[in-house]
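K.L.:
Below is the structure I would like to discuss, written out as structure tokens.
The values are calculated or read from the model by the stated rules, or taken from the named source; none is laboratory data. Treat the numbers as computed from the prediction; the structure is a model and nothing was measured. Cβ sites come from the backbone with ideal geometry, for glycine too, and all protein chains shown count toward neighbours.
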């Protein structure tokens with residue numbers, strides 16, 4: 001059972017003036033702005049059954065340098081992002097891994113992605129959680145990355161896998177809508193459907209296996225078309 005704790009490290013207070021300290025791997029935790037005690041608040045991170053194939057994290061299962069905005073302060077430090085539980089995971093000098101309280105995080109960036117927390121937004125079409133901010137124009141584009149545990153006793157060397165899934169949302173007229181493919185996007189932005197289809201052909205946009213780049217370019221093109229009126 002996970003234990004709840006607040007970590008207040010004595011040596012952190014002696015390194016605030018320098019703006020950095022070291023984690024258990026020897027990497028530097030850089031204090032960009034603010035008191036580290038406000039960041040290190042969460043629950044002990046407990047992993048999954050080791051027989052499960054792949055891993056539960058976004059892109060990498062090793063700590064990656066990133067930045068977290070929490071409680072109005074910004075911190076740069078190594079992290080993981082568990083997309084099964086939707087948790088940001090940190091290491092601290094005692095060797096524990098800790099899942100931060102998600103409701104205290106405004107955003108975080110790593111692996112060339114910026115994630116923002118959308119809270120109490122079901123009325124706008126989004127469940128509460130962290131979203132990959134792909135395009136931040138008037139027609140906002142975000143993605144929800146998730147992994148589900150699929151149990152299958154026939155899987156070689158294990159009994160299940162972490163199965164990834166990405167859901168894309170586009171904001172139009174204050175409401176977010178799921179866009180599953182190119183057709184769904186064109187139908188949502190139907191007032192510029194012909195122009196967007198022509199743009200996609202001209203730019204030779206590819207929608208498989210990853211739709212991030214194509215959707216970003218189309219959302220931006222849609223905004224530019226509307227601004228040209």
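K.L.:
Would you pick out the residues in segment 76-105 that are on the phi < 0 side of the Ramachandran plot, in a loop (DSSP other than H, G, I, E, B) and in contact with a strand residue (DSSP E or B) (Cβ under 8 Å, 6 or more places away or on another chain)?
P.N.:
83, 84, 85, 92, 93, 96, 101
K.L.:
Consider residue 167 against the criteria (1) over 30 Å from residue 53 (Cα atoms); (2) in contact with a strand residue (DSSP E or B) (Cβ under 6 Å, 6 or more places away or on another chain): it satisfies all of them except one. Which criterion is unmet?
P.N.:
If we test residue 167 against (1) over 30 Å from residue 53 (Cα atoms); (2) in contact with a strand residue (DSSP E or B) (Cβ under 6 Å, 6 or more places away or on another chain), just (1) comes out false.
Rundown of residues vs (1) assigned to a helix (DSSP H, G or I); (2) modelled with pLDDT of 95 or more, yes/no style:
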residue: 176; (1), (2): no, no
residue: 185; (1), (2): yes, yes
residue: 196; (1), (2): yes, yes
residue: 200; (1), (2): yes, yes
residue: 217; (1), (2): yes, yes
residue: 226; (1), (2): yes, no
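K.L.:
Only one of 51, 85, 18 is surrounded by fewer than 17 Cβ atoms within 10 Å (Cβ to Cβ), modelled with pLDDT of 95 or more and assigned by TED's automatic domain parsing to the domain that holds residue 100. Can you tell me which? Steps first, answer last, please.
P.N.:
On the way: 51 fails: modelled with pLDDT of 95 or more; 18 fails: modelled with pLDDT of 95 or more.
The match here is 85.
K.L.:
Among the residues of segment 70-102, write down those that are farther than 21 Å from residue 162 by Cα and within 14 Å of the chain's Cα centre (by Cα).
P.N.:
Taking segment 70-102 as the starting set, the residues that turn out to be farther than 21 Å from residue 162 by Cα are 70-78, 91-96, 100-102.
Listed by number, the residues that qualify are 100, 102.
K.L.:
Check off (1) part of a strand (DSSP E or B); (2) modelled with pLDDT of 95 or more; (3) surrounded by fewer than 16 Cβ atoms within 10 Å (Cβ to Cβ) for residue 43 and give me the number that stays unchecked.
P.N.:
For residue 43, the exception is condition (2).
K.L.:
Here's another thing I want to ask about it. Going by the conditions given, is residue 169 in contact with a helix residue (DSSP H, G or I) (Cβ under 8 Å, 6 or more places away or on another chain) and either outside the structural domain of residue 85 (by TED's automatic domain parsing) or touching a residue at least 24 places away in the same chain (Cβ under 8 Å) (or both)?
P.N.:
No: the conditions fail for residue 169.
K.L.:
Could we say that residue 115 is at pLDDT 90 or above and in contact with a strand residue (DSSP E or B) (Cβ under 6 Å, 6 or more places away or on another chain) here?
P.N.:
Numbers: at pLDDT 90 or above: yes; in contact with a strand residue (DSSP E or B) (Cβ under 6 Å, 6 or more places away or on another chain): yes.
Yes: the conditions hold for residue 115.
K.L.:
Here's a follow-up. So, of the residues in segment 86-124 that are without any contact (Cβ under 8 Å) to a residue 60 or more places away in the chain and touching a helix residue (DSSP H, G or I) at 6+ places or on another chain (Cβ under 9 Å), which turns out to be nearest to residue 146 (Cα to Cα)?
P.N.:
The extreme case among them is 87.
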